[in-house]
1. Only one residue in 94, 73, 77, 24 is assigned to a helix (DSSP H, G or I) and more than 31 Å from the chain's Cα centre (by Cα), so which one is that?
2. So which of 73, 66 ends up being in the same structural domain as residue 19 (by TED's automatic domain parsing) and within 20 Å of residue 16 (Cβ to Cβ)?
3. (1) at pLDDT below 90; (2) surrounded by 16 or more Cβ atoms within 10 Å (Cβ to Cβ): which one isn't true of residue 348, the others all being true?
4. Name the single residue that is farthest from residue 407 (Cα to Cα) among those in segment 206-217 being over 14 Å from the mean Cα position of the chain (by Cα) and surrounded by 20 or more Cβ atoms within 10 Å (Cβ to Cβ).
5. If residue 379 satisfies all but one of (1) within 29 Å of the chain's Cα centre (by Cα); (2) over 18 Å from residue 436 (Cβ atoms); (3) assigned to a loop (DSSP other than H, G, I, E, B), what's the number of the condition it fails?
6. Of all residues in segment 398-417 being more than 16 Å from residue 433 (Cα to Cα) and touching a strand residue (DSSP E or B) at 6+ places or on another chain (Cβ under 7 Å), which is surrounded by the fewest Cβ atoms within 10 Å (Cβ to Cβ)?
7. Can you pull out every residue in segment 292-319 that is modelled with pLDDT of 80 or more and either in a loop (DSSP other than H, G, I, E, B) or under 16 Å from residue 439 (Cα atoms) (or both)?
8. Would you call residue 67 at pLDDT 85 or above, assigned to a helix (DSSP H, G or I) and in contact with a helix residue (DSSP H, G or I) (Cβ under 9 Å, 6 or more places away or on another chain)?
């Protein structure tokens, strides 16, 4: 009887699905249709050719030119060349072996009365990452405690709590040092390398106040904003496609199509549903304390062009200025800050929102209509609060809705009459971090 050789197990489809999910996480619109197209394309090429393989995936999964660089970066990271995969695997195996050795050593060193202390894996890793001097001090503390007079085994839980507290303190010190390195640019003038944490992540930028983001961190913040805006654009498109696909009943087409049944209506015909994009009007406060917040909001919304029909942007202090022409060329955060905000004629002026709204309705009446969502970025600190209320009431009746992004710390809202007064007329949300900006716009657009 012939021996049938068992073929090695293949994970090709699983890996391709994982790669597609990675693209979706980064904001690229990759769904079932793109997966089917990719599989069909791959069935017609030589899979041993890395160039053909990459070109096939790129042709079927990337729809916009601006996503080409992101696809290339993720492809090179996910589909490693054989020699690089071997090197990374060997490096990972060495790291795993070394980590296991350190944990075993930590288990032997952290013992009380012949038994290992009840430390978790993370706590053992933290202990193994300490310097030789720090580990020696901790070992001496445990040894002296064990050799103390009238020290019984029941003393072990108290000792464990002390050791765990010390390890938590060491971890917090490490995080604080990493934060200081980021804020100082890690001592390098390389244009943003210090903005990346030790594990290569930039997600910490989501939770810190936008005003505290340093110049060296702007490139990393720009990449984060682009990733989040792409992700939000995909979510908006999916939400639209998942809704009803047909519009209202088309009675005339229904009657005409059912003539063959003697006038008895068996099949209903519907009018095609109109899928209109959002029309956004952005009004940004460019006073000194608001420049960074306004710039980040503008940059975030620029990434939603495929789901926004018309994005218009105005700056204001005591006058209004149309910045829409300046936004035609997509810029990074720093160029955008220089070109749009700092060159604005309103830069550094006093804030008079009532006058700005009055000029908006007089000079640009076509921008204010029932299809427009007005987004105001301001801390509400303006003169003529009563006049501003009247203007807001008038505009509220003319636009679809008003969303107010307020970067003022939430605990200070009760200290300002303008917050409570304007909050009764508009949909006001805190927006001092990138995380809050993402959350608000994801729920409102």
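The values are calculated or read from the model by the stated rules, or taken from the named source; none is laboratory data. For clarity, every value in this text was computed on a predicted model and none was experimentally measured. Methodologically, a virtual Cβ is constructed for each residue, glycine included, from the backbone with ideal geometry; neighbour enumeration extends over all protein chains shown.
1. 94 is the lone residue from the list that is assigned to a helix (DSSP H, G or I) and more than 31 Å from the chain's Cα centre (by Cα).
2. Working: 66 fails: within 20 Å of residue 16 (Cβ to Cβ).
That would be 73, the only listed residue that is in the same structural domain as residue 19 (by TED's automatic domain parsing) and within 20 Å of residue 16 (Cβ to Cβ).
3. If we test residue 348 against (1) at pLDDT below 90; (2) surrounded by 16 or more Cβ atoms within 10 Å (Cβ to Cβ), just (2) comes out false.
4. Residues of segment 206-217 over 14 Å from the mean Cα position of the chain (by Cα): 209, 211-217.
The next check asks that each one be surrounded by 20 or more Cβ atoms within 10 Å (Cβ to Cβ); those that pass are 213, 216-217.
Numbers: 213: 14, 216: 22, 217: 20 Å.
Across segment 206-217, the extreme among qualifying residues is 216.
5. Failed condition: (2).
6. Across segment 398-417, the extreme among qualifying residues is 401.
7. 293, 296, 297, 298, 299, 300, 301
8. In short, no.
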